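Please read the structure below before turning to the comments.
Every number in this text was worked out from the coordinates using simple rules, so none of it is lab data. Everything numeric in this text was worked out from a predicted model, so none of it was measured. Note: ideal-geometry Cβ built from the backbone for every residue, glycine included; neighbour counts use all protein chains shown.
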Amino acid sequence: MRIVDPTDERVPIKRSLAKRSGTISGSVALLDISKPRGDVLIEQIAARLREEIPGVEIHRYRKPTFTKPAPEELRRQIAKESDFVIEALAD
């Protein structure tokens, strides 16, 4: 198997995962990037979170288009209202 990094880094940057507590508490932002069927994927993720983490607070957001980064105002709103973000795309 060959893994290809789509960022075209000539020398890949070594990355490490942030420390995790092992539990999720607080509010989760689900960001639909506006690709076709992204809403279906987001709904499945929301249902799974509700099932696995009773009492989790879920906020749903949608980018205006998948072709550009989320607008600054939307990013600020997500940061203000949520502790975690799950960004989902689909096709």
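Okay, here's what the table says:
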{"read-out": "Exposure proxy ranking, count of Cβ atoms within 10 Å, fewest first, for L17, L30", "value": "L17, L30"}
{"read-out": "Spacing of the two label points (7 Å from each Cα toward its C-beta) at R10 and E51, in nm", "value": "4.8 nm"}
{"read-out": "Proximal lysines relative to K19, as straight alpha-carbon distance under 22 Å, when same-chain residues fewer than 8 apart are discounted", "value": "K80"}
{"read-out": "Overall form of region 35-88 per C-alpha gyration tensor (a/c, 1.5; a/b vs b/c)", "value": "oblate"}
{"read-out": "About the Cα centre, charge dipole magnitude for region 35-88 (Lys/Arg +1, Asp/Glu -1 at Cβ), debye", "value": "300 debye"}
{"read-out": "Dimensions in Å of the chain - Rg and Dmax from alpha carbons", "value": "15.4, 45"}
